[in-house]
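Undergrad: Below is the structure I would like to discuss, written out as structure tokens.
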Amino acid sequence: HNQLGRDADKKQRTRKKKEKKEKKHKTLKSDGDDDHMLEQRKQDGASEKKTQQSNLKRYFPFEYQHIVAPMVGASELAFRLLCRKYGATLAYTPMMSSTQFVHEASALDKSDPNQTIANSNICEFQTIPQDRPLVAHFSANNPQHFAQAAKLVEPVCDAIDLNLGCPQRTAYLGHFGSYLLGDEDRQLVLDIVKAGSQSVTIPIFVKIRLLDTVEETIKLCHQLRDAGASLIAIHGRYRASWERTG
């Protein structure tokens, strides 16, 4: 009887050890599953955020039925607010040089909380909370400067616009606006759009003029879209050239 009792105790101890080991294994497996689920949630969250940002760039969360286009010497803050009072739902700033904007912004006193991008009159840029939705309109021939300027104004506007339509002689001399629409500058233009799109979470717009043929214009639009442009405004005139006849 004593031997049978010892055998029974031994079996019971063995069974308990086995149960304890199985329980520990299940706990470890459960912890591993939890870690895996947590990592999966992180990946799903990152993917969802990326999708939301992509959708934001293509499907705008603001009304754009009545638009105040960028006008030199007219589209400053006071005029934009007046237009909004009478029904404008989206307004552009006048064209600003992205290179000059970045240069002037670097001189701001960052220790002074009263000096901000919105009120420091950088390139005559001023805005207030009632001035929304707003498109910041830049000229550029340098991808890094365009991206930096876009990043600077991102907190106080709703989209960034690249000017590829300006026909003025200053654009010819500075090599920007419609004078970037030739084939020789196509890669530069696409690099500018791509740099801007990658630097901000708000949409990138592009303003262009007509090229020599409809097919060439459509091809340019497709290239701009693939580079990251969410909206393209076409000024229905041909791109400027200083090689005029007649």
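Undergrad: Any idea how many Lys pairs in the stretch 102-246 come in under 24 angstrom at the alpha carbon, given 8 or more places apart or on separate chains?
TA: Here the count comes out as 6.
Undergrad: Rounded to the nearest 10 Å², what accessible area does Cys123 have for a 1.4 Å probe in the complete protein model?
TA: 30 Å²
Undergrad: Continuing with the same structure: So which chymotrypsin sites (Phe, Trp or Tyr not before Pro) in the stretch 159-246 pass both tests, a DSSP loop state and at most 13 other Cβ atoms within 10 Å of the Cβ?
TA: Trp242
Undergrad: Calculate the spin-label point distance for Leu173 paired with Lys18, positioning each point 7 Å from the Cα along the beta-carbon direction, and give it in nanometres.
TA: So the two model labels end up 9.4 nm from each other.
Undergrad: Give, in nm to one decimal, the length gained when the segment between Phe62 and Thr89 is fully stretched (0.36 nm per residue of separation minus the Cα-Cα distance).
TA: 8.9 nm
Undergrad: Related question: Would you list Phe79, Phe101 from the most to the least accessible area, probe 1.4 Å?
TA: Result of the area sort, largest leading: Phe79, Phe101.
Undergrad: Could you work out how far apart the two model spin labels at Ile128 and Val72 are, taking each label as a point 7 Å from the Cα in the direction of the beta carbon, and quote it in nm?
TA: Using points 7 Å along Cα→Cβ, the separation is 2.9 nm.
Undergrad: If you don't mind, there's one more thing I want to ask. Tell me, what is the FRET efficiency for Glu216 and Leu188 to the nearest 0.05, using R0 = 22 angstrom and their Cβ-Cβ distance as r? Before the final figure, lay out each step's value.
TA: On the way: r = 17 Å, r/R0 = 0.77.
Efficiency, rounded to the nearest 0.05: 0.80.
Undergrad: Still on this structure, I have one more. Can you work out D for the stretch 90-246 in µm² s⁻¹ from Stokes-Einstein, where Rh is the Kirkwood radius over C-alpha pairs, the temperature is 37 °C and the viscosity is 0.692 mPa s?
TA: Rounded to a whole number, D works out at 206 µm²/s.
The values are calculated or read from the model by the stated rules, or taken from the named source; none is laboratory data. This structure is a prediction, so every number in the text was calculated from the model and none was measured. Every residue, glycine as well, gets a Cβ built from its backbone with ideal geometry; the counts of neighbours run over all protein chains shown. To get the accessible areas, we keep the full protein, side chains included, count just its heavy atoms, and leave off ligands, DNA and RNA. Shrake-Rupley method; radii C 1.70, N 1.55, O 1.52, S 1.80 Å.
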